[in-house]
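The values are calculated or read from the model by the stated rules, or taken from the named source; none is laboratory data. Small disclaimer: the values here were computed from a predicted structure and weren't measured. As a convention, Cβ positions derive from the backbone with ideal geometry for all residues, glycine included, and neighbour counts pool all protein chains shown. The protein model used for the area step is the full one, side chains on, heavy atoms only, and it has no ligands, DNA or RNA in it. Shrake-Rupley method; radii C 1.70, N 1.55, O 1.52, S 1.80 Å.
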Amino acid sequence: FWALGERPLHHDESIHAYQSWTLSRGGDWRYDPAYHGPFLYYLNALVYKLFGATDATARLAPAIFGLILIAFAFPLARWIGRKAASAYAIFVLLTAHFLYFSRFIREDLYSLVFTLGTIVAFQRFLETDRARWLLGSATCFAFAGVTKENAYMTGVLGVPTIEYLPF
């Protein structure tokens, strides 16, 4: 969270920040495929309502999602082991790409977190046969879908696992 507002907004960020600010002031949102789904705008509008609209608050939600991405090391450890999960967390923390996009108001990090959440929750469902994990997976997938359109293509990758469903 250090120096989130220090650099000026990138042109993509300024578009997203302005549309979120408009929403926070009672405006409306209309779908445009060039700017993707509503999740980013409504989340940032909420952040603006709670903390005010600044360059730093524009990047607050992506920074939080960056931490969530690192925290996925905990559930991943059960399948890949503690050492590999620790390596995952360190690489996510230190990789310039992840660091940049976790401090950038765009949909990339949200999409990544929701996609990984879909996969982790679905894997837990396959292991436990508990409906709550299937619901969690579906919820993450739905959020991925309202974040960016590529979620539907990513979702196709999970189709081969359907044959392993316990029903």
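Some observations on this one:
- With a Förster radius of 25 Å applied to the beta-carbon distance between Ala142 and Ile68, the computed FRET efficiency rounds to 0.90.
- Within the accessible area of the range 96-138 (1.4 Å probe), percent carbon and sulfur: 66 percent
- Karplus (6.51, -1.76, 1.60) ³J(HN,Hα), θ = phi - 60°, over the range 46-63, in Hz, Gly and Pro reported as x: 5, 4, 4, 5, 7, 10, x, 9, 9, 4, 5, 5, 4, 9, 5, 4, x, 5
- Euclidean distance of C-alpha centroids, the range 33-72 and the range 76-115, integer Å: 17 Å
- Computed [θ] at 222 nm, helices only, for the chain once each DSSP H run of length n ≥ 4 contributes -39500 (n - 2.57): -20500 deg cm²/dmol
- The slack in the chain from Phe1 to Asp55, taken as 0.36 nm per residue of separation less the alpha-carbon distance, amounts to 18.2 nm.
- Long-range HN-HN contacts of Gly37 with modeled amide H, under 5 Å: Lys148, Glu149
- Here the 3J(HN,Hα) profile of the range 23-36, calculated from phi with Karplus coefficients 6.51, -1.76 and 1.60 at θ = phi - 60°, is 4, 5, 9, x, x, 10, 10, 10, 4, 9, x, 5, 10, 6 Hz, Gly and Pro shown as x.
- Here r is the Cβ-Cβ distance between His10 and Leu126 and R0 is 30 Å; the resulting FRET efficiency, rounded to 0.05, is 0.15.
- Accessible surface, the range 1-93, averaged per residue in Å² (probe 1.4 Å): 60 Å²
- Using a cutoff of 8 angstrom between alpha carbon atoms and counting only pairs six or more residues apart, the relative contact order for the chain works out to 22 percent.
- For the chain, the percent of C-alpha pairs falling in each 5 Å distance bin, counted from 0 to the bin holding the largest distance, reads 2, 9, 16, 18, 18, 15, 11, 7, 3, 1, 0.
- Note on Tyr42 and Ala96: their simple-model spin labels are 3.6 nm apart, each label 7 Å out from Cα toward Cβ.
- A Förster radius of 22 Å, combined with the Cβ-Cβ distance separating Thr22 from Glu149, puts the computed FRET efficiency at roughly 0.50.
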